[in-house]
Amino acid sequence: MLITISNWNRDLYNRKFIESLLLKPLPEKLNFDNLFNISLDCNSKAVKLYFLSENYNSLYKYSLNGNIEIQYDASKHETNFKEVEHILGYKPDFNDLVLDTFDDKSYYIFFEGSSFESIVRILEKFRVLADIDFESFFQCVETINNMHVKSFSQIFDYGLISMIKLPRDGKNFKIYSRPFLSHKNYILDQYSLEFLKKVYDGCNMRFDDLINNLWVSYNFKSDSVVISTQNDNLKINF
(Lines give C-alpha, C1' and ligand atoms only; values in the text may rest on other atoms or scores of the structure.)
Protein backbone atom coordinates (compact mmCIF):
# COMPACT_ATOMS: atom_id res chain seq x y z
CA MET A 1 0.00 0.00 0.00
CA LEU A 2 1.43 3.36 -1.00
CA ILE A 3 1.85 6.04 1.64
CA THR A 4 -0.37 8.96 0.71
CA ILE A 5 1.22 12.37 0.44
CA SER A 6 -0.95 13.65 3.28
CA ASN A 7 0.04 10.93 5.77
CA TRP A 8 3.70 10.90 4.76
CA ASN A 9 4.01 14.66 4.94
CA ARG A 10 2.25 14.83 8.30
CA ASP A 11 4.80 12.41 9.73
CA LEU A 12 7.78 14.04 8.02
CA TYR A 13 7.71 17.79 8.61
CA ASN A 14 7.16 19.79 11.78
CA ARG A 15 4.15 21.80 10.68
CA LYS A 16 4.09 24.01 13.77
CA PHE A 17 7.67 25.15 13.21
CA ILE A 18 7.19 25.75 9.49
CA GLU A 19 4.00 27.73 10.07
CA SER A 20 5.90 29.87 12.59
CA LEU A 21 8.15 31.01 9.71
CA LEU A 22 5.25 32.34 7.64
CA LEU A 23 4.83 36.11 7.45
CA LYS A 24 1.27 35.81 6.14
CA PRO A 25 -1.32 33.05 5.63
CA LEU A 26 -0.60 30.66 2.76
CA PRO A 27 -2.52 31.35 -0.45
CA GLU A 28 -5.47 29.00 -0.88
CA LYS A 29 -3.90 27.11 -3.78
CA LEU A 30 -0.99 26.00 -1.58
CA ASN A 31 -1.87 22.89 0.41
CA PHE A 32 0.39 22.22 3.39
CA ASP A 33 -0.15 18.48 2.93
CA ASN A 34 1.57 18.89 -0.45
CA LEU A 35 4.73 20.47 1.00
CA PHE A 36 7.58 18.76 -0.83
CA ASN A 37 10.84 20.66 -0.27
CA ILE A 38 12.07 23.33 2.13
CA SER A 39 15.14 25.39 1.29
CA LEU A 40 17.39 27.62 3.36
CA ASP A 41 19.85 30.17 1.98
CA CYS A 42 22.87 29.68 4.22
CA ASN A 43 23.98 33.28 3.61
CA SER A 44 20.79 35.35 3.89
CA LYS A 45 18.83 32.74 5.96
CA ALA A 46 15.91 33.18 3.54
CA VAL A 47 13.51 30.23 3.44
CA LYS A 48 11.45 28.93 0.52
CA LEU A 49 8.69 26.33 0.60
CA TYR A 50 8.00 24.08 -2.37
CA PHE A 51 4.47 22.70 -2.74
CA LEU A 52 3.35 20.08 -5.21
CA SER A 53 0.35 21.10 -7.29
CA GLU A 54 -2.86 19.14 -6.77
CA ASN A 55 -2.20 17.06 -9.90
CA TYR A 56 1.48 16.53 -8.90
CA ASN A 57 2.93 17.74 -12.21
CA SER A 58 4.48 21.00 -11.02
CA LEU A 59 5.88 22.78 -7.96
CA TYR A 60 4.87 26.10 -6.46
CA LYS A 61 7.99 27.85 -5.13
CA TYR A 62 6.80 30.06 -2.29
CA SER A 63 8.99 32.78 -0.78
CA LEU A 64 7.99 33.97 2.68
CA ASN A 65 7.41 37.46 1.27
CA GLY A 66 4.47 35.97 -0.64
CA ASN A 67 6.07 35.59 -4.07
CA ILE A 68 5.12 32.41 -5.97
CA GLU A 69 6.91 30.87 -8.95
CA ILE A 70 5.95 27.69 -10.78
CA GLN A 71 8.42 24.95 -11.70
CA TYR A 72 7.15 22.35 -14.20
CA ASP A 73 7.90 18.64 -14.44
CA ALA A 74 9.48 18.37 -17.90
CA SER A 75 8.19 14.82 -18.34
CA LYS A 76 4.59 16.01 -17.93
CA HIS A 77 4.65 19.31 -19.82
CA GLU A 78 5.60 20.33 -23.33
CA THR A 79 9.28 21.21 -23.15
CA ASN A 80 11.33 23.31 -25.57
CA PHE A 81 14.31 21.02 -26.14
CA LYS A 82 15.36 23.19 -29.08
CA GLU A 83 15.86 26.16 -26.76
CA VAL A 84 18.07 24.05 -24.48
CA GLU A 85 20.13 22.99 -27.50
CA HIS A 86 20.38 26.63 -28.61
CA ILE A 87 21.60 27.78 -25.19
CA LEU A 88 24.18 25.01 -24.94
CA GLY A 89 25.27 25.22 -28.55
CA TYR A 90 24.98 21.46 -29.10
CA LYS A 91 22.39 18.69 -28.90
CA PRO A 92 22.66 16.88 -25.54
CA ASP A 93 21.80 13.20 -25.30
CA PHE A 94 18.60 13.30 -23.27
CA ASN A 95 18.51 9.53 -23.25
CA ASP A 96 21.49 9.88 -20.91
CA LEU A 97 20.98 13.27 -19.25
CA VAL A 98 17.56 14.16 -17.80
CA LEU A 99 15.80 17.45 -18.46
CA ASP A 100 14.11 17.33 -15.07
CA THR A 101 12.13 20.54 -14.61
CA PHE A 102 11.86 24.05 -15.99
CA ASP A 103 10.35 27.42 -15.12
CA ASP A 104 10.00 30.76 -16.87
CA LYS A 105 13.67 31.56 -16.32
CA SER A 106 15.64 28.31 -16.32
CA TYR A 107 16.04 24.64 -17.19
CA TYR A 108 17.19 22.09 -14.61
CA ILE A 109 19.28 19.23 -16.00
CA PHE A 110 19.88 16.19 -13.81
CA PHE A 111 22.66 13.67 -14.42
CA GLU A 112 23.17 11.28 -11.51
CA GLY A 113 24.04 8.00 -13.21
CA SER A 114 24.77 9.62 -16.58
CA SER A 115 27.89 8.80 -18.60
CA PHE A 116 31.26 10.47 -18.08
CA GLU A 117 31.19 11.89 -21.62
CA SER A 118 27.76 13.50 -21.22
CA ILE A 119 28.54 14.96 -17.80
CA VAL A 120 31.91 16.41 -18.75
CA ARG A 121 30.60 17.93 -21.97
CA ILE A 122 27.66 19.69 -20.35
CA LEU A 123 29.69 20.89 -17.37
CA GLU A 124 32.41 22.29 -19.61
CA LYS A 125 29.79 24.11 -21.68
CA PHE A 126 28.08 25.29 -18.50
CA ARG A 127 31.39 26.67 -17.19
CA VAL A 128 32.02 28.60 -20.40
CA LEU A 129 28.48 30.01 -20.50
CA ALA A 130 28.77 31.11 -16.88
CA ASP A 131 32.12 32.75 -17.72
CA ILE A 132 33.97 30.97 -14.92
CA ASP A 133 37.59 29.87 -15.09
CA PHE A 134 38.53 26.30 -14.18
CA GLU A 135 40.02 27.18 -10.79
CA SER A 136 36.97 29.18 -9.68
CA PHE A 137 34.59 26.51 -10.94
CA PHE A 138 36.35 23.75 -9.01
CA GLN A 139 36.43 25.95 -5.88
CA CYS A 140 32.65 26.30 -6.07
CA VAL A 141 32.30 22.53 -6.39
CA GLU A 142 34.55 22.22 -3.32
CA THR A 143 32.28 24.57 -1.38
CA ILE A 144 29.17 22.40 -1.76
CA ASN A 145 31.03 19.14 -1.14
CA ASN A 146 33.77 19.95 1.38
CA MET A 147 36.27 18.13 -0.83
CA HIS A 148 39.33 19.32 -2.68
CA VAL A 149 38.46 19.25 -6.40
CA LYS A 150 40.86 19.54 -9.30
CA SER A 151 39.28 17.75 -12.27
CA PHE A 152 36.07 16.76 -14.04
CA SER A 153 37.11 13.14 -13.54
CA GLN A 154 36.97 13.65 -9.79
CA ILE A 155 33.53 15.27 -10.10
CA PHE A 156 32.32 12.22 -12.00
CA ASP A 157 33.99 9.61 -9.79
CA TYR A 158 32.59 11.02 -6.55
CA GLY A 159 29.27 12.33 -7.90
CA LEU A 160 30.09 15.90 -6.82
CA ILE A 161 27.50 17.54 -9.09
CA SER A 162 24.07 16.02 -9.61
CA MET A 163 22.27 18.81 -11.46
CA ILE A 164 22.71 22.22 -13.04
CA LYS A 165 20.41 25.19 -13.40
CA LEU A 166 20.73 26.54 -16.93
CA PRO A 167 19.29 30.07 -17.17
CA ARG A 168 17.42 31.10 -20.29
CA ASP A 169 18.82 34.65 -20.08
CA GLY A 170 22.39 33.69 -19.14
CA LYS A 171 22.25 35.42 -15.74
CA ASN A 172 21.70 32.90 -12.95
CA PHE A 173 23.78 29.72 -13.10
CA LYS A 174 23.67 27.15 -10.29
CA ILE A 175 25.18 23.76 -9.55
CA TYR A 176 23.63 21.19 -7.21
CA SER A 177 25.17 18.38 -5.20
CA ARG A 178 23.76 15.67 -2.93
CA PRO A 179 26.89 15.23 -0.79
CA PHE A 180 25.41 12.99 1.89
CA LEU A 181 24.24 10.60 -0.81
CA SER A 182 27.54 10.45 -2.66
CA HIS A 183 30.42 10.84 -0.17
CA LYS A 184 29.25 12.31 3.20
CA ASN A 185 32.16 14.78 3.53
CA TYR A 186 29.92 17.83 3.71
CA ILE A 187 29.54 19.52 7.10
CA LEU A 188 26.42 21.55 7.85
CA ASP A 189 27.01 24.84 9.65
CA GLN A 190 25.38 25.12 13.07
CA TYR A 191 22.49 27.33 11.94
CA SER A 192 21.59 25.00 9.07
CA LEU A 193 21.86 21.94 11.28
CA GLU A 194 19.55 23.42 13.91
CA PHE A 195 17.12 24.58 11.22
CA LEU A 196 16.86 21.08 9.76
CA LYS A 197 16.44 19.52 13.18
CA LYS A 198 13.48 21.85 13.79
CA VAL A 199 12.03 21.07 10.34
CA TYR A 200 12.11 17.34 11.09
CA ASP A 201 11.34 17.53 14.82
CA GLY A 202 8.80 14.81 15.63
CA CYS A 203 9.61 12.58 12.65
CA ASN A 204 10.38 9.02 13.72
CA MET A 205 13.08 8.50 11.09
CA ARG A 206 16.79 8.81 11.89
CA PHE A 207 18.06 12.34 11.20
CA ASP A 208 20.95 10.99 9.11
CA ASP A 209 18.44 9.18 6.89
CA LEU A 210 16.33 12.32 6.54
CA ILE A 211 19.25 14.39 5.22
CA ASN A 212 20.72 11.63 3.05
CA ASN A 213 19.25 13.19 -0.12
CA LEU A 214 19.75 16.80 0.95
CA TRP A 215 20.56 19.18 -1.91
CA VAL A 216 23.38 21.71 -1.55
CA SER A 217 23.61 24.29 -4.33
CA TYR A 218 25.90 27.13 -5.31
CA ASN A 219 24.64 30.25 -7.08
CA PHE A 220 27.37 31.81 -9.23
CA LYS A 221 25.54 35.14 -9.41
CA SER A 222 25.15 35.73 -5.67
CA ASP A 223 27.88 33.37 -4.36
CA SER A 224 25.23 31.92 -2.07
CA VAL A 225 24.90 28.36 -0.83
CA VAL A 226 21.40 26.93 -0.42
CA ILE A 227 20.38 23.67 1.21
CA SER A 228 17.09 21.99 0.34
CA THR A 229 15.33 18.96 1.73
CA GLN A 230 14.67 16.04 -0.61
CA ASN A 231 12.88 12.90 0.45
CA ASP A 232 12.62 10.31 -2.29
CA ASN A 233 10.14 8.25 -0.25
CA LEU A 234 7.65 11.02 -0.94
CA LYS A 235 8.61 11.43 -4.59
CA ILE A 236 8.10 7.77 -5.58
CA ASN A 237 4.45 7.83 -4.66
CA PHE A 238 3.48 9.84 -7.76
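Things worth noting here:
- Sequence-distant contacts, meaning Cα pairs under 8 Å at least 6 residues apart, place the relative contact order of the chain at 21 percent.
- Around ILE227: net Lys/Arg minus Asp/Glu count, Cβ-Cβ under 10 Å: -2
- Cross-link table LYS82/LYS165; LYS48/LYS221; LYS125/LYS174; LYS91/LYS165; LYS61/LYS198; LYS105/LYS197, entries beyond 25 Å C-alpha to C-alpha: LYS105/LYS197
- Helical contribution to [θ] at 222 nm, DSSP H n ≥ 4, -39,500 (n - 2.57), averaged over the chain, rounded to 500: -8500 deg cm²/dmol
- Label corresponding to Cα extents along the principal axes in Å when calculated from the structure given, among (1) 45, 39, 38; (2) 62, 38, 31; (3) 47, 44, 27: (1)
- Residue by residue, the stretch 145-157 carries 3J(HN,Hα) couplings of 10, 6, 9, 6, 10, 9, 7, 5, 4, 5, 4, 5, 4 Hz when phi is fed to the Karplus relation 6.51 cos²θ - 1.76 cosθ + 1.60 (θ = phi - 60°); x denotes Gly or Pro.
- Between helix 134-143 and the chain: long-axis angle, C-alpha atoms, 0 to 90°, nearest 10: 20 degrees
- J(HN,Hα) series, the stretch 176-187, from Karplus relation 6.51 cos²θ - 1.76 cosθ + 1.60, nearest Hz, glycine and proline x: 10, 10, 10, x, 6, 7, 9, 8, 6, 8, 5, 10
- Expressed as a whole percent, the accessible surface of the stretch 81-238 that belongs to carbon and sulfur atoms is 48, based on a 1.4 Å probe.
- Using a Gaussian network model of the chain in which every pair of alpha carbons under 10 angstrom is joined by a spring, one finds that among GLU78, GLU19, GLU142 the greatest mean-square fluctuation is at GLU78.
- Accessible area per residue for the chain is 51 Å², calculated with a 1.4 Å probe on protein heavy atoms, without ligands, DNA or RNA.
- Remark: the stretch 6-152 carries a charge dipole of roughly 480 debye about the Cα centre, counting +1 on each Lys and Arg Cβ and -1 on each Asp and Glu Cβ.
- Test item: Cα-centred dipole of the stretch 21-87, Lys/Arg +1 and Asp/Glu -1 on Cβ, debye: 260 debye
- Under Karplus coefficients 6.51, -1.76 and 1.60, residue-wise ³J(HN,Hα) of the stretch 43-51 in Hz, glycine/proline x: 8, 8, 6, 5, 10, 10, 10, 10, 10
- Just checking the listed ones, MET205, MET147, MET163: in the Gaussian network model of the chain with Cα springs under 10 Å, the one fluctuating most is MET205.
- Using the Cβ of LYS48 as centre and a radius below 11 Å, the other residues enclosed give a net charge of -1, where K and R count +1 and D and E count -1.
- Charge tally in the Cβ shell below 14 Å around ASP189, where Lys, Arg are +1 and Asp, Glu are -1, ASP189 excluded: 0
The values are calculated or read from the model by the stated rules, or taken from the named source; none is laboratory data. Predicted model only: the values in this text are computed from it and were never measured. Here Cβ is always computed from backbone atoms with ideal geometry, including for glycine, and neighbour counts include all displayed protein chains. When the accessible area is computed, the model is the full protein with side chains, heavy atoms only, and any ligands, DNA or RNA have been set aside. Shrake-Rupley method; radii C 1.70, N 1.55, O 1.52, S 1.80 Å.
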